[in-house]
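Right, one structure below, let's go through it.
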Amino acid sequence: MAPHEVRTADEVLAAHKDERYDMRFPSYLGFWQRSVPGLDEAPRFDMYDEPHLKRRKQILADHPEIEDLYGYDTNTIWITLTTVCAQMGLAYLFGHVLTDWHWTMVLVAYTIGGSFSTQIGIIFHEFTHNLCASTSLQNRWVGNIGNIPLLVPLAQSFRRYHLEHHTYQGVYGYDPDLPLEWEIRLIGNDSIKKFFWLIIYGV
């Protein structure tokens, strides 16, 4: 395959300098309004079109070499197995060996265990987009194995709703990443309620 022409960031910005303030173009910066706790009771909505598809086209036009990075990476399988074994090993260590080290357990659970759990969330995202193995079934099994330390079965439900998010991105009532009316009424713009909502969001 012939090498792609590579342009610097400054060259790309210069090529689109007149488009960044015109909403018709993929490089539009936008004048996004944010919801301010204590002032606004609900999220802010805008009427801009969903930008991902046209930005994808524009990015590939500016940097066609990105296509050389497409594909799956089976290293994720080994990362998944390592993460799961480490989590299960820590569970055994504090469940059967260091049973009296209460504060150590809390510290390890928060730092190391929390990091591993975040890693599993990233693995969920990768298997959802079939980036761990060559077939969809193999990717689903990567997700199922990664789910073992979490106890709550999240992998396949995450896959379903995340793919719906990409299918209906920005479409109210269909994009599961957007809050529904009852969620807005329940949580509003209260920072404390948002904090507790996010804690249970994955479940």
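The values are calculated or read from the model by the stated rules, or taken from the named source; none is laboratory data. Here the structure is a predicted model, which is why all the values come from computation and not from measurement. Backbone-built Cβ (ideal geometry, glycine too); neighbour counts: all protein chains shown. Protein only, heavy atoms only, side chains kept; ligands, DNA and RNA dropped before computing areas. Shrake-Rupley method; radii C 1.70, N 1.55, O 1.52, S 1.80 Å.
Computed in the context of the full set of protein chains, the accessible area of the stretch 68-182 at 1.4 Å probe radius has 66% of its extent on carbon or sulfur. The residues SER35, SER191, sorted by heavy-atom accessible surface at 1.4 Å with ligands and nucleic acids left out, run SER191, SER35 from largest to smallest.
May I ask for the percentage of alpha-carbon pairs in the stretch 98-203 that lie more than 21 Å from each other? Could you put the intermediate results ahead of the total?
On the way: 2849 of 5565 pairs.
Of the Cα pairs, 51 percent sit more than 21 Å apart.
Heavy-atom accessible surface of the stretch 37-179, averaged per residue, reaches 67 Å², computed with a 1.4 Å probe.
When the solvent-accessible surface of protein heavy atoms is calculated with a 1.4 angstrom probe, in what order do LEU69, LEU180 fall, highest first? Numbers along the way, then the final one.
Numbers: LEU69 140, LEU180 70 Å².
Sorted by accessible area, descending: LEU69, LEU180.
The listed residues GLU50, GLU181, GLU41, GLU67 rank as GLU41, GLU181, GLU67, GLU50 when sorted by accessible area, largest first, using a 1.4 Å probe. FRET efficiency for the LEU98 to ASP68 pair, using the beta carbon distance and R₀ = 45 Å, is estimated at 0.40.
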